[in-house]
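Here is the structure we will look at.
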Amino acid sequence: MRKQLSNWGNYPVLTCEESSFSQEEQLKQYVDTHDHIIARGNGRCYGDASLGEHSVSTLRYDKALLFDVETGDFECQAGMTLDQVLEITVPKGWFLPVTPGTKFITVGGAVASDVHGKNHHAEGSFSNHIIRMDVLTGKGLITCSRDNNSDLYWATCGGMGLTGIITSVRFRLKKIATAYIRQKQIKAENLDEILRLFDEHAHYTYSMAWIDCLQKGKAFGRSILIVGEHATPGELNHKQGRDPLVLPPKMKLTVPFNLPSFALNNFSVKAFNALYYGKNYKKVMEGVVPYEPFFYPLDAIHHWNRGYGRDGFVQYQFVLPIDRKEGLTAILRAISDKGWGSFLAVLKVFGKQDDLISFPMEGYTLALDFPVRKGLFPFLDELDALVLQYGGRLYLTKDARMQQEVFWKSYPNAAKFMDIVRTYNPGGKFRSVQSDRLLLTPQ
Amino acid sequence: MTPTVLILGATSDMAVAIARRYAAGNYAIQLAARKPEQLYALQQDLHIRSGAAVTTHAFDALDFDSHHTFYHQLPVKPDVVICVFGYLGSQETGQQNWQEASRILHTNYTGAVSVLNVVAEDMAARRSGAIVGISSVAGERGRMSNYLYGSAKAGFTAYLSGLRNRLFHAGVHVMSVQPGFVYTRMTEDLTLPPLLTARPEDVAKDIFKAVIAKKNVIYTKWFWRYIMFIIRSIPEFIFKKMKL
Ligand SMILES: Cc1cc2nc3c(=O)[nH]c(=O)nc-3n(C[C@H](O)[C@H](O)[C@H](O)COP(=O)(O)OP(=O)(O)OC[C@H]3O[C@@H](n4cnc5c(N)ncnc54)[C@H](O)[C@@H]3O)c2cc1C
């Protein structure tokens, strides 16, 4: 049935036909009889990557297929969400090798976007931990891995669903002794200090920083660095230690409807940031916290995306090479000059690039939210020019508006990627609004 | 000893959610469906999630003659039997085409009666057990848009209430479930009002709790009881003029 669909940013809203499957035959039959198909997981990409004429939801294809509690090998159908994986594996002492900032994404979505976490500099992105996977391509169901049909494998990791529909994934989990994180938060006065702090804390497995983008002058780039390690049983307090692999029950908050757009303006963003960086916040704070608030601070507020109002928002995430950090200053300055406030500005440091078409490259990445309003897109085009000038690129899974040339100039392996896509997706059976926009749909 | 639940029609979304809820409640699970090879993934899933013992069985609601053998060949006699299968079909096709109409009637009514008759005899003899039938609020008043399905479910609802009456005296509990709108593959082509629509997991949770509490009839979500009360109270001379 045709309906209005949108992803996490609530922009764009498009009319698509969405259908689902719970058996492989149903999917095969659908793919045989339809064109213009794109896989859709939980719609947590922000823009138009999983929207198309026929969006095929994987959410009902969500069974666990294998869990070896000795080795940590885990296999599931691609529609299983990360929170389901955690629910099964954490009590047995295993954790996701890589997780993004929300656990409400599917395993298929994690592969197709090749998601990164706070540990990219240390452990790479999600695909770094895949053992094998099955993909329903335009040429049928194909099993692939680094050694077997490796061209399909590399083009599927980060390939935004353009090689076909990933049906199952086997990957390796990470051993943990507790469900807690030993975390340290350090306040930085400005951009120079935060970058220095990142360097000093590079030995931590997990790190990221919140930046207040609206500050000028001496406080330009003031931020909080958050680093962490999985806690050992000895680091837990008495209450936590009683059941080290089980988290205490939590409360759920929810934003019940779209807030009017005036709720988020420079004033409220400033107020939020001021609270966050409040005066009585100590320079360094340490503690042992459950893994949930550490990895998924926003998941506790369901539908926080509605806070941006009806017109939705876009997330702008770019990466700059490690030796071009002056670009960060230039871009942040452009933002604070224009006063385009962002609640969430997240800064991370990436390690080496993982594969063909993945977003991460060694360098700095910044993610910012901008509510959609008049003048935003021309402004973002200006930012794109800066990103290109400093040798960076944008994250496809968060994109809803980049121009073709920006993509083709900034992803050096794009042509190679397209050659492989053409092999497995002849005629462009699998295509999204995004792939049409960026000239990534094979003809 | 671990109790066992038998789920009839185990490939549907509702059945998957029910099976997961019972697995989490430490039940051994028997999954029955027309194509048991389609149950492999669910079997793995349940086992991985909870360590539950899970077996799969071939069962065809429309093959009435096979029901006796099917039930008596189960490796263990179940403590709880949940009849989940159903067929929505197409009202419009069914109006013109008896094949579709009879499939709707026989799946939702005759097939359910046929297999539950067998289960009832066994439980009555054992003087223990619980039978859960998933009917539908569509069975409470015929509407032009789905009265074939609705009438079969109405028959099923009446069957369950009679069975409850009879088996009460044998110490066997019978529960009817009246779901309103539920997000499943069966309903994905309908526009459902979000506030009135339940997720399969919600229905499963309700059922698990209500069986323990020995409830007779449950509505899920709960306010459907009141919605249906109002719908049943509309006088026929008005109701027939509405296009529902
Ligand atoms: C609050 C929040 C925080 C986030 N933090 C991070 C972060 O820290 N790091 C990061 O990397 N990302 C982050 N993301 C982005 C998110 O991880 C990715 O967009 C992810 O791909 C979403 O997965 P999904 O299951 O919702 O898929 P969708 O959003 O539905 O789809 C995303 C893409 O994957 C494709 N796809 C989905 N399933 C399949 C399949 N089975 N086969 C083939 N292709 C498929 C789609 O076609 C589409 O191109 C965040 C998102 C949110 C909302």
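Among (1) surrounded by 17 or more Cβ atoms within 10 Å (Cβ to Cβ); (2) touching a helix residue (DSSP H, G or I) at 6+ places or on another chain (Cβ under 9 Å); (3) within 13 Å of chain B (Cβ to nearest Cβ); (4) in contact (Cβ under 8 Å) with a residue 60 or more places away in the chain, there is one condition A:L27 misses while meeting the rest; what is its number?
Among (1) surrounded by 17 or more Cβ atoms within 10 Å (Cβ to Cβ); (2) touching a helix residue (DSSP H, G or I) at 6+ places or on another chain (Cβ under 9 Å); (3) within 13 Å of chain B (Cβ to nearest Cβ); (4) in contact (Cβ under 8 Å) with a residue 60 or more places away in the chain, the lone unmet condition for A:L27 is (2).
Residue by residue, here is whether (1) more than 14 Å from chain B (Cβ to nearest Cβ); (2) surrounded by 23 or more Cβ atoms within 10 Å (Cβ to Cβ); (3) closer than 21 Å to A:L136 by Cα holds:
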site: A:G52; (1), (2), (3): yes, yes, yes
site: A:S55; (1), (2), (3): no, yes, yes
site: A:D62; (1), (2), (3): no, no, yes
site: A:G72; (1), (2), (3): no, no, no
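Name every residue in the stretch A:414-443 that is part of a helix (DSSP H, G or I) and within 17 Å of A:V31 (Cβ to Cβ), in order of residue number.
Residues satisfying the conditions are A:V421, A:T423, A:Y424, A:P426, A:G427, A:G428, A:S435.
Does A:R431 satisfy being under 29 Å from A:W304 (Cβ atoms) and not small (G, A, S)?
Numbers: under 29 Å from A:W304 (Cβ atoms): no; not small (G, A, S): yes.
Considered against the rule, which asks whether it is under 29 Å from A:W304 (Cβ atoms) and not small (G, A, S), A:R431 comes out as no.
Scan the stretch B:177-222 residue by residue and report those that are assigned to a helix (DSSP H, G or I) and in contact with a Gly (Cβ under 7 Å, 6 or more places away or on another chain).
From the stretch B:177-222, those assigned to a helix (DSSP H, G or I) are B:185-187, B:194-196, B:200-212; that's our starting set.
Scanning the stretch B:177-222 gives B:L196, B:F208.
Enumerate the helices (runs of 4 or more DSSP H) found wholly within the stretch A:248-349, keeping only those where 1 or more residues are at pLDDT 90 or above. If you could, list the steps in order and put the result at the bottom.
Numbers: elements: A:266-276, A:291-295, A:326-338.
Per the criteria, A:291-295, A:326-338.
So for the stretch A:15-31 (the condition being under 22 Å from A:S113 (Cα atoms) and touching a Gly at 6+ places or on another chain (Cβ under 7 Å)), does at least one residue qualify?
yes
Please enumerate the residues belonging to the stretch B:31-57 that are within 24 Å of A:T89 (Cα to Cα), polar (S, T, N, Q) and either out of contact with any helix residue (DSSP H, G or I) (no Cβ under 6 Å at 6 or more places or on another chain) or in contact (Cβ under 8 Å) with a residue 60 or more places away in the chain (or both).
Passing the criteria: B:Q43, B:Q44, B:T55.
Considering each residue of the stretch A:295-316, count those that are touching a helix residue (DSSP H, G or I) at 6+ places or on another chain (Cβ under 6 Å) and closer than 17 Å to A:L5 by Cα, and give that number.
1
Look through the stretch A:30-40, keep the residues that are part of a strand (DSSP E or B) and more than 14 Å from chain B (Cβ to nearest Cβ), and return whichever of them is farthest from the ligand (Cβ to nearest atom).
Taking the stretch A:30-40 first, the residues part of a strand (DSSP E or B) are A:37-40.
From the residues that got through so far, the ones that are more than 14 Å from chain B (Cβ to nearest Cβ) too are A:37-39.
Numbers: A:I37: 10, A:I38: 5, A:A39: 4 Å.
My answer is A:I37.
Got a number for residues in the stretch A:136-167 being over 21 Å from the mean Cα position of the chain (by Cα) and of a type in the set (A, V, I, L, M)?
So in the stretch A:136-167, the residues over 21 Å from the mean Cα position of the chain (by Cα) come out as A:136-152.
Okay, now just the ones that are also of a type in the set (A, V, I, L, M), so A:136, A:141-142, A:152.
Here the count works out to 4.
Restricting the stretch A:66-80 to residues that are in contact with an Asp or Glu (Cβ under 7 Å, 6 or more places away or on another chain) and assigned to a strand (DSSP E or B), which is nearest to the ligand (Cβ to nearest atom)? Don't jump to the end; show me each part of the working.
Within the stretch A:66-80, the first condition is being in contact with an Asp or Glu (Cβ under 7 Å, 6 or more places away or on another chain), and the residues that meet it are A:66, A:77, A:79-80.
If we keep only those that are assigned to a strand (DSSP E or B) as well, we get A:66, A:77.
Working: A:L66: 18, A:Q77: 9 Å.
Here the answer is A:Q77.
Please work out which residue is farthest from the ligand (Cβ to nearest atom), limiting yourself to the stretch A:41-53 and to residues that are touching a Phe, Trp or Tyr at 6+ places or on another chain (Cβ under 8 Å) and on the phi < 0 side of the Ramachandran plot. Working first, answer last.
Looking only at the stretch A:41-53, we keep the residues that are touching a Phe, Trp or Tyr at 6+ places or on another chain (Cβ under 8 Å), and these are A:42-47.
With the extra rule that they be on the phi < 0 side of the Ramachandran plot, the set shrinks to A:42, A:44-47.
Working: A:N42: 4, A:R44: 3, A:C45: 3, A:Y46: 7, A:G47: 9 Å.
Applying the filter and picking the extreme gives A:G47.
Which one of these is within 16 Å of the ligand (Cβ to nearest atom) and in a loop (DSSP other than H, G, I, E, B): A:F359, A:F407? Show your work before the answer.
Working: A:F407 fails: in a loop (DSSP other than H, G, I, E, B).
Going through A:F359, A:F407 in turn, just one is within 16 Å of the ligand (Cβ to nearest atom) and in a loop (DSSP other than H, G, I, E, B): A:F359.
The values are calculated or read from the model by the stated rules, or taken from the named source; none is laboratory data. Keep in mind the model is a prediction, meaning the values are calculated, not measured. Here Cβ is always computed from backbone atoms with ideal geometry, including for glycine, and neighbour counts include all displayed protein chains.
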